[in-house]
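To start, the structure under review is shown below, and the notes come after it.
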Amino acid sequence: MPRIEVQPDLLSAGDARQSALAAHLAELSTQLRSTTADAAGAAGDGGAGSSIAFFGHAWSSALDVLADTVAMRGSNLGVAAGAYLATDQAVVRRPGP
Amino acid sequence: MPESFAGITVPEGEAGELRSAAKALSGLSHDLELAARALDNQPTMLGGWVGPASVAYAGACLVSSGGVRAGASAARAGAGALRRFGEGLQFAQRDARHAIAQARDAQHRIDRAAHAIADARARAAAAAARDSAAASKIALTSVVGVPPPDAVAEQARARSDAAAAELDGAGAQRELEEARADLARAKAAGRRATEHAHAVARAAAAAFDAASGGGPAAGANGGPPSGVRDGGWVALARALGSPLTGAGLALITGAVEQNLNLAANDLRKLFMFQGGEMMSGGSRLVNGRRTWVTRYVGSVTEEAYDRAMKVADRLEKVGRRVKFAGGLLGVVTGAADQYSDDSGRKDLSTTDKVGRVAAIGAYKGAVSYGGGLVGAGAGAAYGAAIGSAVPVAGTAVGAAVGAVIGGVIGSGAGEFIADKTKGIPLAVGARAANIAVDSAKAAEDVVKGAGKVLDSINPF
């Protein structure tokens, strides 16, 4: 079994940071979608509008997926922090031989 | 409705909004880059966390930051494409409006000259009538003695007026011809402005298509799917070893067509810039740099511009023919491969073999060829976008490298798909051949069989 060291409170803080990053990514995704929609509308009849709109849709969808991934990872971090603590406390409470 | 006159139309689009969107995308790119760095730093902010989970966590953070960074890169590329599009559209709209103003002026002069010609003709006719009347009076009075002085004077005035009218008419005719020539030039300038607007729109579309294709998947997953990537390298080895496979042909003809198209676009764009400058009487160079056009052509003339447009059209036509020939050969060689595989088999009848060759050969050849073309197209556009930092040469080299890599990946994916799905055409092809030979009644069965096959692959 490999060595394990952990500071659960730092994991909990990491959870909060990942959640904030995920929210920020989701916000950037919304901005990207809105900006490219505006640009597609301003592109005129040269055929570039559909390419710009597709670009915006594709990348904002990808960023949404990334945001979800980061949020889930943060949540996992929080769960791990709780599990480490619970395990440690269970060992402390266990009656001796 | 866009502003329009004499067949000249100001290209549609909001150049200012495009430039604003470019700035916004550039800012987004910066923010995404910061987010990627923040993700990079996450594993270092958890103190002395040691263990298998910490390693997995660090790896996952890096994969995500890679995806976000790819998004930043795409947004940066999109910002550049939008900025160039906005600038090009603004130039094209400016040139079209200038051409419309020139055309309106020319049309006004045409109308004025036509009016002056009609007026001169009317004055000449009136003077001729007066001349004739005076001449009659002189002729009548000449029998009895001296012609009346007033008739002689009137005849002289009438002839003088006729001469003046003729002079005015000739001047108006010259002005009419000049105005008509100016109108033709204005229309040509308007046409060039429209072509320029289309060219910048096509370039923007290609840049966005390139930034969309493969990027999001690569970003979200930290790289292209390994199956496709491996298949691409396998396809490259196959293509290099045996160029006359569907994949090899797609690789080669796709790259040739893409490069010919890009060369044609470059040629058009360069001459359009030059044409625009020529029309406005300036001598500035493309992007402030001397290009191969200015080196070999010097000052661009209307004739040189027309020749360049024709050459560009021919380049595209040759590219289309190369692609078509490649597709045809891909299907034929795909069929030949299948025949080679089946020819020694004792368990297949001749009819089976014919059906299998017709179905699987054509299917596999066409699918791998199609995959190669799609890949080559996306790759060339992506490579050209990267290489466009160095005008013309960079674009061409980037496109060539991109087309080859894209073609390899695409054809590998195409072959992969063809291999995985070849059971369908194999079954249908062999069965169809047997049925065609056996009887008309069996034809009904194959229709039902094909329907089941189609039902089985229909995801809806």
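Quick note: the coordinates plus some simple rules give every number you see, no bench work behind them. Quick caveat, the model's predicted, so the values are computed rather than measured. Positions of Cβ are generated from backbone atoms using ideal geometry, with glycine treated the same way; all protein chains shown enter the neighbour counts.
Quick notes on this one:
- Taking amide H atoms as placed 1.01 Å from N in the peptide plane, the amide H of residue B:12 lies under 5 Å from those of A:45, each 5 or more residues away in sequence or on another chain.
- In plain terms, the residue of B:29, B:343 with the fewest other Cβ atoms within 10 Å comes first and the most crowded comes last, giving B:343, B:29.
- Angle in degrees between helix A:48-93 and the longest Cα principal axis of chain A, rounded to the nearest 10: 10
- Relative contact order [Cα under 8 Å, 6+ residues apart], the range B:12-223, whole percent: 33
- Among A:57, B:196, the order by Cβ neighbours within 10 angstrom, fewest to most, reads A:57, B:196.
- Ratio of the Cα radius of gyration of the range A:9-90 to 2.2 N^0.38 Å, where N counts its residues: 1.61
- Ordering B:57, A:84 from the fewest to the most neighbouring beta carbons within 10 Å gives A:84, B:57.
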